[in-house]
1. List, in order, the whole-Hz ³J(HN,Hα) value for each residue of the range A:122-135 obtained from phi through the Karplus relation with A = 6.51, B = -1.76, C = 1.60 and θ = phi - 60°; use x for Gly and Pro.
2. Would you mind listing how long chain A runs along its three principal axes, going by Cα atoms, in whole Å with the largest first?
3. Per residue of chain B, what 222 nm ellipticity follows from adding -39500 (n - 2.57) for every DSSP H run with n ≥ 4, rounded to the nearest 500?
4. Of B:386, A:29, B:5, whose Cα points farthest to the positive end of the dipole of the protein assembly as shown (charges on the beta-carbon: +1 Lys, Arg; -1 Asp, Glu; origin at the Cα centre)?
5. Using the Cα atoms of the protein assembly as shown, I'd like the radius of gyration and the largest Cα-Cα distance, Dmax, both in angstrom.
6. Can you give me the distance in nm between label points at residue B:230 and residue A:101, each placed 7 Å from the Cα along the Cα-to-Cβ direction?
7. Sort B:331, B:288, B:147, B:185 so the one with the fewest other Cβ atoms within 10 Å of its own Cβ comes first.
8. According to a simple spin-label model (label point 7 Å from Cα along Cα-to-Cβ), what is the distance in nm between residue B:336 and residue B:300?
Amino acid sequence: MKTITNDKQFKATIDELSSLQNRKLATLFLQNVMGLTDKKKYQQLLTLASNKNATEQEYANLQTAIQTMVVETNARCGTDTDWAAQAEHFVAKSALSCVKDANRSNQNSAYDSAMYARMACNFASIADGKSDEQAETQAQYQILIQFLGDK
Amino acid sequence: MSNATLEKGINSFVKMIDAPIASFFSSCVSCGMCADACLFYQETGDVKYTPIAKLEPLRRAWEQEYTLFGRLKKLLGLSKKITNEELKQHTELVYNSCTMCARCSMVCPVGNDIAYMIRKMREGMAAGGFAPAGLIGASNRAVEIGSPMGLTLHALSAQIKHAEKATGITINLDKSDVEYMVLLSSMELINFPEYLEAIAKIFKQAGKTWTISSTAFEATNSGIQIGSSDIARILVKRIVDSAEKLKVKTVISPECGHAFTAIRYEGPNLIGRKYNFEVKHILEVLDSFNEAGLLPTEGLEKEKLTFHDPCSLARKGGVIDEPRRLLKKVSDNFTEMTDHGARNWCCGGGGGASAIEEGEPLRLKAFKTKQKQIEETEATTLVTACANCRIVLEEGVEHYNMDMPIVGLTELLAEHLVDKPKQKLKKEAKQ
């Protein structure tokens with residue numbers, strides 16, 4: 001079984017995956033930070049991700065809705081920051097990585113999803129002092145190892 | 001508002017009228033060219049958005065106090081008084097519907113700097129209590145917490161830690177005798193933390209020393225936005241004190257438009273002396289690295305790019321060629337919008353306008369010109385160099401159903417950075 005202990009290995013391994021595998025993996029990283037947001041918002045995405053026959057058009061339709069969530073949760077200049085809401089913003093960005101056009105993106109949607117998920121944890125830790133980005137990083141290494149094993 | 005605050009506002013208007021303001025009002029020929037240059041007038045066609053008309057209370061204060069005819073009229077009771085109601089109405093006109101983008105100043109045939117006049121009028125409005133609540137809150141947080149968005153040192157440290165983990169590069173806080181002190185905007189740290197990672201990678205590659213000040217990391221100057229020189233001075237002084245204490249050679253303003261003009265051009269006037277250091281925008285610094293061969297990049301962007309010039313950076317700050325030279329490093333498929341560089345159209349959210357929630361519908365309406373110009377380029381990615389522009393552009397793009405990612409130029413360059421040892425780079429630069 002492959003071991004992944006640092007981000008260099010993590011990224012290099014993801015770089016070798018196909019765009020469709022990237023999307024699957026991206027969704028797994030997203031699922032791991034669902035506790036930072038209202039899971040119901042992403043139910044459609046999770047359902048689509050579990051459908052092997054999902055089309056690019058279905059993903060494109062969902063992309064528009066998730067892009068709206070990203071924009072709506074942007075912190076505006078001069079507003080008093082709500083750190084928990086900002087964690088949700090980065091969960092939305094992680095979700096956006098999962099629905100990007102598999103043919104257009106540069107095959108790194110899983111890596112992007114992982115990084116945004118970590119940012120979400122970082123913002124949650126500012127908000128509550130409990131979340132742990134380091135623990136999330138380790139969890140992502142395990143998710144990737146598991147994913148490679150299941151491939 | 002009470003009569004006392006109204007009086008305070010009017011007195012403040014009178015105090016604000018300096019020689020340039022008096023000469024500008026005397027020179028105005030009411031040609032209306034400023035109207036055509038304003039994004040809010042352009043998209044609404046409503047004459048109240050004519051830039052010079054937004055200054056009507058200030059004009060009357062000038063006329064009644066500083067002109068013979070106006071004083072006579074005032075003595076005879078023939079002047080139109082400035083009222084609470086009028087100033088309340090002007091809150092929308094000088095804050096929500098003016099980004100101080102200075103396009104009106106640029107086209108004025110008699111050389112009136114209308115953006116400067118708006119800035120002065122905001123001083124009176126703020127003194128009289130007529131500033132929007134959003135900007136008042138931001139200014140209070142900037143003074144009390146050190147960030148208009150409530151970003152504390154604890155939050156900054158968390159972001160630094162995150163960037164260090166992501167890049168494997170140590171980021172120094174309060175390190176003295178380094179070359180650069182990097183300022184950040186809360187907008188970047190909160191919405192685009194990747195910027196800090198990009199800076200860390202680029203400076204490591206270039207072999208330059210830098211630090212962030214724990215007491216003056218914020219570049220945003222809410223005092224300039226709301227129109228309070230007192231607050232603006234406090235915020236500039238905070239940066240100056242830190243830079244001088246840390247003995248840095250250069251302070252770098254981040255990807256934020258107004259922050260650059262505030263610290264570089266308004267700052268010395270606000271504190272009444274020259275700095276002991278230079279102030280540069282991050283794109284100027286990156287351009288200088290590039291010229292010295294310290295910014296090696298590889299690969300080109302697959303998408304067709306266009307660039308949105310932040311008004312304060314291009315029109316007011318003169319940083320126009322630098323982003324284009326940098327873009328050429330990573331793209332051979334770049335196209336300009338019809339109006340670009342000094343003639344660009346504002347995103348609609350500058351000068352504090354994006355902090356005013358109730359101004360959003362108008363802002364989105366005013367985005368139409370920008371939308372049209374972006375679409376005409378047929379570009380698939382929009383690049384810019386201001387975190388606030390980026391958010392406002394994202395809102396506009398989303399509102400008008402445009403499928404287009406918006407990226408920061410510094411981050412884009414960092415993505416193409418070649419991972420080479422410093423010595424090898426220096427050798428190559430000499431050849």
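1. Computed from phi, the couplings for the range A:122-135 are 4, 5, 5, 5, 5, 6, 10, x, 9, 4, 9, 5, 5, 5 Hz.
2. Sorted from largest, the Cα extents of chain A read 44, 37, 24 Å.
3. After summing the helix terms and dividing by the residues of chain B, the value is -15000 deg cm²/dmol.
4. So the residue furthest toward the plus end is B:5.
5. For the protein assembly as shown, the Cα radius of gyration and maximum Cα-Cα distance read 25.0, 94 Å.
6. 5.5 nm
7. Fewest to most other Cβ atoms nearby, the residues stand as B:288, B:331, B:147, B:185.
8. 1.9 nm
Coordinate-derived values only; no laboratory data. Small disclaimer: the values here were computed from a predicted structure and weren't measured. All Cβ positions, glycine included, derive from the backbone under ideal geometry; neighbour counts span all protein chains shown.
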